[in-house]
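Here is the structure we will look at, set down as structure tokens.
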Amino acid sequence: MGRPTKHTRDDVVRMVVDAAEKLARKKGLRGLSLRKIAGEVGYAPGSLYHLIGDLDAIILHLNARTLARLSSFLKTRIDASRPAADNAFAIADGYLDFVMAEPRLWGLILEHTLPAGTKTPAWYGQTLASTTGLVDEVLRPLISDDEERQFAVVSLWAALHGIASLATSGKLTAVHDSAPHVMARQLIARFLDVPAPKAAPGKAARPKHAQAAAR
């Protein structure tokens, strides 16, 4: 099918990413192919390739959207009037809420790898940096050294992902019977050498995009 004149390139990109997101929510990375995505939007695979790129390019666009959503969601958890440690706990809670609400979309970010020798596009790197930058800003009052703080951001991100991955796969109880949010709070408390919140985390609202997908 040819490219309808009513669709701009931006329209097509949005349609393709919407379709890829729909498929990824069902089966994750293994549910994605250029042919399936093309079928969803009514375009020939070759047309999509010329407009956007191959499947790797489409996945990068989808992953960038997911990262942007995570960033927006985490911003709602930060309160500048609170102590920095409280915001660190809030970020951890928010991260787990997001990942557990959208396990396949988040898993796509971690499972997808570009072919050897392929450079990550600058625009994708900027999106990722914007998201991790939120954590950097939250930790700045607690860790003044830039290099140490950047290492802390990566370390905490990796540790939280481990907790989230075990929780979403149903394997966390094989390690310990504590709730993932409680484990994350204990991790943050030990890492930053601050007291963990005494109150157990309440049932948080799901990200809006996850609510919409569930309907």
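The values are calculated or read from the model by the stated rules, or taken from the named source; none is laboratory data. Here the structure is a predicted model, which is why all the values come from computation and not from measurement. With ideal geometry, Cβ positions are generated from the backbone for all residues, glycine too; neighbour counts draw on all protein chains shown. The area values use the complete protein model at the heavy-atom level, side chains included, leaving out ligands, DNA and RNA. Shrake-Rupley method; radii C 1.70, N 1.55, O 1.52, S 1.80 Å.
Inside region 75-110, residues that are under 17 Å from the mean Cα position of the chain (by Cα), open to solvent by 60 Å² or more (accessible area, probe 1.4 Å) and small (Gly, Ala, Ser) make up a count of 0.
Can you find, within region 52-106, the residue that is nearest to Gly28 (Cα to Cα) among those that are assigned to a loop (DSSP other than H, G, I, E, B) and touching a Leu at 6+ places or on another chain (Cβ under 8 Å)? I'd like the intermediate steps shown before the answer.
At the first step, the residues of region 52-106 found to be assigned to a loop (DSSP other than H, G, I, E, B) are 52-54, 76-83, 102.
Now narrow it down to the ones that are touching a Leu at 6+ places or on another chain (Cβ under 8 Å): 54, 78.
Numbers: Asp54: 17, Ile78: 30 Å.
Checked region 52-106; the qualifying residue nearest to Gly28 (Cα to Cα) is Asp54.
Of the listed requirements (1) among the charged types (D, E, K, R); (2) more than 18 Å from Val194 (Cα to Cα); (3) touching a residue at least 24 places away in the same chain (Cβ under 8 Å), Arg140 misses just one: (2). So is Pro103 modelled with pLDDT under 95 and farther than 23 Å from Gly162 by Cβ or not? No: the conditions fail for Pro103.
Of the residues making up region 44-51, one or more are modelled with pLDDT under 95, out of contact with any helix residue (DSSP H, G or I) (no Cβ under 8 Å at 6 or more places or on another chain) and either part of a helix (DSSP H, G or I) or surrounded by fewer than 19 Cβ atoms within 10 Å (Cβ to Cβ) (or both).
The residues of region 64-100 that are in contact with a His (Cβ under 7 Å, 6 or more places away or on another chain) and over 16 Å from Ala164 (Cα atoms) amount to a single one, Arg69. The residue that is farthest from the chain's Cα centre (by Cα), among those in region 52-74 that are open to solvent by 60 Å² or more (accessible area, probe 1.4 Å) and either of a type in the set (Gly, Ala, Ser) or within 13 Å of Val16 (Cβ to Cβ) (or both), is Asp54.
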